[in-house]
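Shown next, in structure tokens, is the structure this report addresses.
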Amino acid sequence: AYNLALASGVDNTANVANDIDNDLIIGTQNQIGVDYLADTTGPVVTEVYLTETDGTTTKPDGAYGNAATMSFIIEFSQVINVTGTPQLTHNASATPINCAADATRWNALKCDYTVGATDASLDLDYASTTALALNSGTITDRAGNAATLTLPAPNAAYSASDNQAVQI
């Protein structure tokens, strides 16, 4: 976010724009007291939910067995840049699943999950608030600020199990 402060009682005109490279451009006349606030806050997780693997259709509540497919969508408060392959550990298996930047949302990760033969959960969710791992990669905003990877508590508001009732 950019903040522009102009002195009161003075004829100031200003334009603030955010170009494609996320650079700050300020044009002023009678420049007095012009300040801007640089983005120093990284993205935070705002919600996690389940979709079909297309990433857009909400996964219906119900029971799913071996080889069923779905995706965990992890939404952030800002547009994210992802390097490497982050991983998410869910509560149906100890094996983490790979995540990637979501092609349909600029502020989300998409973690595809195929149910294994021995996977089991009465209410599918991620394993804990720390279940999202960078796995030698990075998740940052456009300004390069690192994302906070803390997830909402499982079974709490904005968690996968809060949004859907999926049994494995």
Practice item. Return the pairs, sorted by first residue and then second, in which the second residue is part of a strand (DSSP E or B) and of a type in the set (Lys, Arg), the first residue lies in the range 44-56 and is at pLDDT below 95 and surrounded by fewer than 19 Cβ atoms within 10 Å (Cβ to Cβ), the beta carbons are less than 6 Å apart, and the residues are 6+ apart or on different chains. Key: Gly55/Lys110
Exercise for review: Tell me which residues, restricted to the range 125-152, are open to solvent by less than 50 Å² (accessible area, probe 1.4 Å) and in a strand (DSSP E or B).
Suggested key: Tyr126, Leu132, Ala133, Ile139, Thr140
Check your understanding: Consider Thr69 against the criteria (1) surrounded by fewer than 17 Cβ atoms within 10 Å (Cβ to Cβ); (2) within 18 Å of Tyr158 (Cβ to Cβ): it satisfies all of them except one. Which criterion is unmet?
Key -> (2)
Review point. Could you give every pair whose Cβ atoms fall below 6 Å, whose first residue belongs to the range 62-74 and is under 16 Å from Tyr126 (Cα atoms), and whose second residue is modelled with pLDDT of 95 or more and open to solvent by 50 Å² or more (accessible area, probe 1.4 Å), counting only separations of at least 6 or pairs across chains?
Key: Thr69/Thr114; Ser71/Asp112
**Study point:** Complete set of residues in the range 153-168 that are outside any loop (DSSP other than H, G, I, E, B) and open to solvent by 50 Å² or more (accessible area, probe 1.4 Å)
**Key:** Asp162, Asn163, Gln167
Exercise for review: Restrict the check to the range 95-103 and report whether at least one residue is surrounded by 20 or more Cβ atoms within 10 Å (Cβ to Cβ) and under 27 Å from Ala63 (Cβ atoms).
Suggested key: yes
Review point. Do you know which of the residues in the range 104-121 that are under 20 Å from Asp54 (Cα atoms) and assigned to a loop (DSSP other than H, G, I, E, B) is most open to solvent (accessible area, probe 1.4 Å)?
Key: Trp106
Review point. Hey, among the residues in the range 73-87 that are more than 11 Å from the chain's Cα centre (by Cα) and surrounded by 17 or more Cβ atoms within 10 Å (Cβ to Cβ), which one's farthest from Ser161 (Cα to Cα)?
Key: Pro86
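The values are calculated or read from the model by the stated rules, or taken from the named source; none is laboratory data. This one's a predicted model, so the numbers in the text were calculated from it and none came from an experiment. Backbone-built Cβ (ideal geometry, glycine too); neighbour counts: all protein chains shown. Each accessible area value is taken on the protein alone, full model and side chains, heavy atoms only, with ligands, DNA and RNA left out. Shrake-Rupley method; radii C 1.70, N 1.55, O 1.52, S 1.80 Å.
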